[in-house]
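Below is one structure, written out as structure tokens; the observations come after it.
All of the numbers you see were taken from the coordinates with simple rules; none came from a lab. Remember, it's a predicted structure, so these values are computed and weren't measured experimentally. Glycine also receives a Cβ, built like all others from the backbone with ideal geometry; neighbour counts cover every protein chain displayed.
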Amino acid sequence: MISASRLAGLTLCGFLAVGLVGCSSAVPDEPEQVASGTSDDWTPVTIEHALSTTTIDDRPERVATVAWANHEIPLALGVVPVGMAASTWGDDDGDGVHPWVEERLEELDAQTPVLFDETDGIDFEAVANTRPDVILAGYSGLSQEDYDTLSKIAPVVAYPEAPWATPWRETVEINSKALGMADEGAQLIADIEAGIADAVAEHPELEGATAMMVTHVDVNDLSEISFYSAHDTRSKFFEDLGMEVPASLEELSAGSDSFSGSLSAERADVFEDVDIFVTYGGQDLIDALEADPLLSQLPAVENGAIVTLPGDSPLGTVANPTALQVSSMVDDYVELLAEAARASAGE
């Protein structure tokens, strides 16, 4: 939602009427960051997604991205965005850029793009100020209103099916297609898959283990279990790692495309088929789960098969794979899961 002050600023610039083209403060100082190729070898691209159908008539030279992860696809393909969302989760130094993104920018000899502050939602004015030719949001939670507003700035590529539920492969596919780099996107997927396979090969104990991700548990109130559904990218990633989504989670996720859900702790026994819990937190969370009279009886808790991820470290992001992050962090994540799998097996 746009705040009253921001909406007033947008109105003064004529944003809602003319897409901010007349705003005098429109372009921040920045290096020229454009996609490769020429308009002569461009074939218009049409992409159907959950919010509309988007046609990109000309080769996008100025690429902006919003929401989580989308900026990593153009960067992986050698295209530096003119603007991207600042990363706050797992940002250990407060600069809004994860270490694998910093490394890629250095490889491309590029400066950090304009960072959009999305604390209160999409910063439409900041996006417009970067004068993008296309806006990538293949993995996002855009509302129809968000999409319509962004579309006044440039063609927008939204999620293909449901908000916050685009698996990493599809995120690469839809965003790379928008750049006219579908073949390069396919190669990127193959390279990432090879890296994942190498990591998993070192830990056969993961094969067939069931896992689910419990979300942001409040140690002071364990009356409910909140979880990411079987539709969520974190759950789907377990399958990439040779693991399985438990039948209990599949059943609870049926009939809805939501990426999350919750269940009363009194019904916690439905998760008896879960070998491993993954969640955000630390030892205080483990202590609380082990002390709880209901949750302590679950096999994953009883066996100590819990992976806790810190929110103030890049490691905290590993459960939700992204194009550059997964190659950088998959070994660490697999090690944590393998340790939990051994605990589940009583080893």
For a label point 7 angstrom out from the Cα of A110 toward its Cβ, which stretches of the range 55-82 have the backbone nitrogen within less than 16 Å?
60-67, 69-82
Report the antiparallel proportion of the DSSP beta bridges in the range 166-320 as a percent, rounded to a multiple of 5.
45
Find how much the distance from D191 to D257 grows on full extension, using 0.36 nm per residue of separation minus their present alpha carbon separation; answer in nm with one decimal.
20.8 nm
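By the gyration tensor of its Cα atoms, with a ≥ b ≥ c the square roots of the eigenvalues, what is the shape of the range 220-335: rounded for a/c under 1.5, prolate for a/b over b/c, or oblate? If you can, show how the numbers build up before the last one.
Numbers: a/c = 1.80, a/b = 1.25, b/c = 1.44.
Oblate, because a/c is 1.5 or more while a/b does not exceed b/c.
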Simple spin-label model, 7 Å along Cα-to-Cβ: D183 to T88 in nm?
4.1
As an exercise, use a Förster radius of 35 Å and the Cβ-Cβ distance of D218 and D57 to find the FRET efficiency, rounded to the nearest 0.05.
0.10
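What does DSSP give for the chain in terms of the percent of beta bridges that are antiparallel, rounded to the nearest 5?
Around 40 percent of the beta bridges assigned by DSSP in the chain are antiparallel ones.
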By how many degrees, between 0 and 90 and to the nearest 10, does the Cα long axis of helix 325-344 differ from the longest principal axis of the chain?
10
Bin width 5 Å, origin at 0, all Cα-Cα pairs of the range 27-168: what percent of pairs per bin?
2, 10, 20, 24, 22, 14, 6, 1, 0
List residues of the range 300-325, by number, whose backbone nitrogen lies under 18 Å from a label position 7 Å along Cα→C-beta of E103.
313-325
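For Cα pairs less than 8 Å apart in space and 6+ apart in sequence, what is the mean separation divided by the residue count of the chain, i.e. the relative contact order in percent? Working shown, then result.
Numbers: 663 pairs, mean separation 56.5, N = 347.
Here the relative contact order equals 16 percent.
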